[in-house]
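Q: Dropping the structure in here first, questions after.
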Amino acid sequence: MRSLTTKDVTYVSLNYSNPDLKKIMPWCGTSKGPESIVKTFVDVGRFWKIKSFEREAIFTDGKNVAIFGRFTYMSAVLSQTVTSPFAVFAKVRKGRCTYMQFMEDTFATGASFRSGGKWTFRSDPDGTEVTI
């Protein structure tokens, strides 16, 4: 990873900062350095069994890269399977990544760890509460 990134690479995993989500997925948020990227994917491999990870499209203008795809994970503890789209945005300077942001359907992946209880939401200004 060090040969592909700058030593101060910024890595954003799923959000800039969400303390509640970080309790479920400790790698979430913004971090610095190539080790943070490696640790994220080591942890992902511990928390889920990766069933598939497919790249569908890559775009670049020479300085910025966007990658889109899908993956299927099965949670290690509860054996719940989820399929999610993903997007990666990266900035590259002088052949090295200086910034990388990884996004997924965090509602779905986080729910693969859900062991019980109900969630109640009220999002539609003209609707009622929804319980999942």
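Q: Could you tell me the distance between the Cα centroids of region 52-67 and region 76-122, to the nearest Å?
A: 17 Å
Q: Also: If you take every DSSP beta bridge fully contained in the chain, what fraction is antiparallel? Give it as a percent rounded to 5.
A: Here the antiparallel bridges make up roughly 90 percent for the chain.
Q: Compute the longest continuous run of the chain that contains no exposed chymotrypsin sites (Phe, Trp or Tyr not before Pro); treat a site as exposed when its DSSP state is not H, G, I, E or B and it has at most 15 other Cβ atoms within 10 Å.
A: Excluding the exposed sites themselves, the longest stretch runs over 17-118.
Q: From the backbone phi of region 91-102, what are the Karplus-calculated ³J(HN,Hα) couplings (6.51 cos²θ - 1.76 cosθ + 1.60, θ = phi - 60°) in whole Hz, Gly and Pro given as x?
A: 10, 10, 10, 6, x, 10, 6, 9, 8, 9, 10, 10
Q: Ok, one more. Please compare each pair in LYS51/LYS94; LYS39/LYS91; LYS23/LYS94; LYS23/LYS63; LYS91/LYS118 to a cut-off of 31 Å on the Cα-Cα distance and tell me which ones are over it.
A: LYS51/LYS94; LYS23/LYS94; LYS23/LYS63; LYS91/LYS118
Q: Relative to the longest principal axis of the C-alpha atoms of the chain, give the angle of the C-alpha long axis of helix 34-47, reported between 0 and 90° and rounded to the nearest 10°.
A: So the inclination is approximately 30 degrees.
Q: Between MET1 and ILE132, how high is the FRET efficiency from 1/(1 + (r/R0)^6) when r is the Cβ-Cβ distance and R₀ = 35 Å? Nearest 0.05.
A: After rounding to 0.05, the efficiency reads 0.40.
Q: If you plug each phi of region 12-28 into the Karplus form 6.51 cos²θ - 1.76 cosθ + 1.60 with θ = phi - 60°, what whole-Hz ³J(HN,Hα) values come out, in order, with x for Gly and Pro?
A: 10, 10, 6, 6, 6, 6, 9, x, 5, 5, 4, 5, 8, 10, x, 7, 5
Q: Based on alpha-carbon positions alone, could you give the equivalent ellipsoid semi-axes of the chain from the gyration tensor, as √(5λ), descending, whole Å?
A: 29, 17, 15
Q: Relative to the present Cα-Cα distance, how much length would full extension add between LYS23 and PHE53 at 0.36 nm per residue of separation?
A: 8.3 nm
Each reported figure results from applying straightforward, stated rules to the coordinates on display, with no laboratory input. Note that the coordinates shown come from a computational prediction; the quantities given were computed from them, not determined experimentally. All Cβ positions, glycine included, derive from the backbone under ideal geometry; neighbour counts span all protein chains shown.
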